[in-house]
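Remarks on the structure that follows.
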Amino acid sequence: MTRKSVLGEVREVQLAIQLIQLGARLQFLESEVGLSRERLIRLYKEIKGVSPPKGLLPFSTDWYMTWLANIHSSMFYNMYQFMKIHSDEEKVWILIKSYKLYLQQIAAQDSEPILDFTRAYTMVRFFDSDMLQLSTCCRCSGQFVAHAHDHKSGYVCVLCRPPSRAGKARGAKRGADGEAGALGIEGMGFGVEAAPGGAGLH
Ligand SMILES: [Zn+2]
C-alpha cells in the first residue's frame, strides 16, 4: 500500500465530509474517496450520528421521467453540465458544487428538493453510460432529461405538455404552470446562459 501524504489525506477527509453531509451513500463514498471503508463508516457515524444505511443504489432510469422528477433532474443536469464545461476541477467536486447549487435554487423558491444526492450522481452515471440524454424541447428550447436514443426531433418537454394529473394531484387551479412558476423554472430558462454567473467556479 502506498503511503499517502498528510495533505492528500486531509483532502480525502474533506471530500468525504462534504459527500456525507450531502447524503451520499457508503457505496459511492467507497468508490470516490481514497479512505478505507472502516474510516468512512466512522466518519459517517460521527457526522450523521447513525450508521450508513444498507441497500442497493437506485437503478432505473424511469424515475427521472416522471413529471416533477424530470423538472428537477433537468434543472440539476443543466447546472452540472455548465460546471463541467467551465471548470477544470475533479468530477466529484463538480458534482458536489452543482448539487449544492441545485439545493440553493430550490431553497430560494421555498420548495423541497425532489432529487436527492444519490439520484443526482446516479443520473450522471446514466448519462456517462449513454442511458440518458438531454433533449431540446421544440416549443420552449429548454433541455430536458430523456431516455437515450429517443427521437430528438419534435420533443416536447414536461413543462410545455404536463400530464393532466400533475395539476389535479396538487389541487384545483394550481396546475402544472403554477408549480413550474413556483419553482422559478421558467425564469431559469434551463440554458447555459441562465446558470448563475460563475457560482462556485474558478
Ligand atoms: Zn418545453
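Backbone geometry of the stretch 29-34 corresponds, through the Karplus equation with coefficients 6.51, -1.76 and 1.60 at θ = phi - 60°, to 3J(HN,Hα) couplings of 4, 4, 7, 10, 10, x Hz, x marking Gly and Pro.
Using 0.36 nm per residue and subtracting the Cα-Cα separation, the extra length available between residue 31 and residue 91 on full extension is 20.3 nm. Semi-axes of the equivalent ellipsoid for the stretch 6-48, computed as √(5λ) from the eigenvalues of its C-alpha gyration tensor and ordered from largest down, come to 14, 11, 10 Å. Here's the picture: a label point sits 7 Å out from the Cα of residue 9 along the beta-carbon direction, and within the stretch 35-66 the residues with their amide nitrogen under 20 Å of it are 35-47.
Using R0 = 22 Å, the C-beta based FRET efficiency linking residue 138 and residue 109 works out to 0.25. In order along the stretch 129-138, phi translates into HN-Hα couplings of 9, 6, 9, 10, 9, 9, 10, 8, 5, 6 Hz, rounded to whole numbers, per the Karplus curve 6.51 cos²θ - 1.76 cosθ + 1.60 with θ = phi - 60° and x for Gly and Pro. Derived scalar couplings between HN and Hα for the stretch 146-155 equal 9, 4, 5, 6, 5, 4, 8, 7, x, 5 Hz in order, rounded to whole Hz, by the Karplus curve 6.51 cos²θ - 1.76 cosθ + 1.60 (θ = phi - 60°), x for Gly and Pro.
Computed extension length for residue 118-residue 45: 24.5 nm, one decimal, from 0.36 nm per residue of separation with the Cα-Cα distance subtracted.
Where a number appears in this text, it was derived from the coordinates with a stated rule and is not lab data. Nothing here was measured: the structure is a model prediction, and the numbers come from that model. Note: ideal-geometry Cβ built from the backbone for every residue, glycine included; neighbour counts use all protein chains shown.
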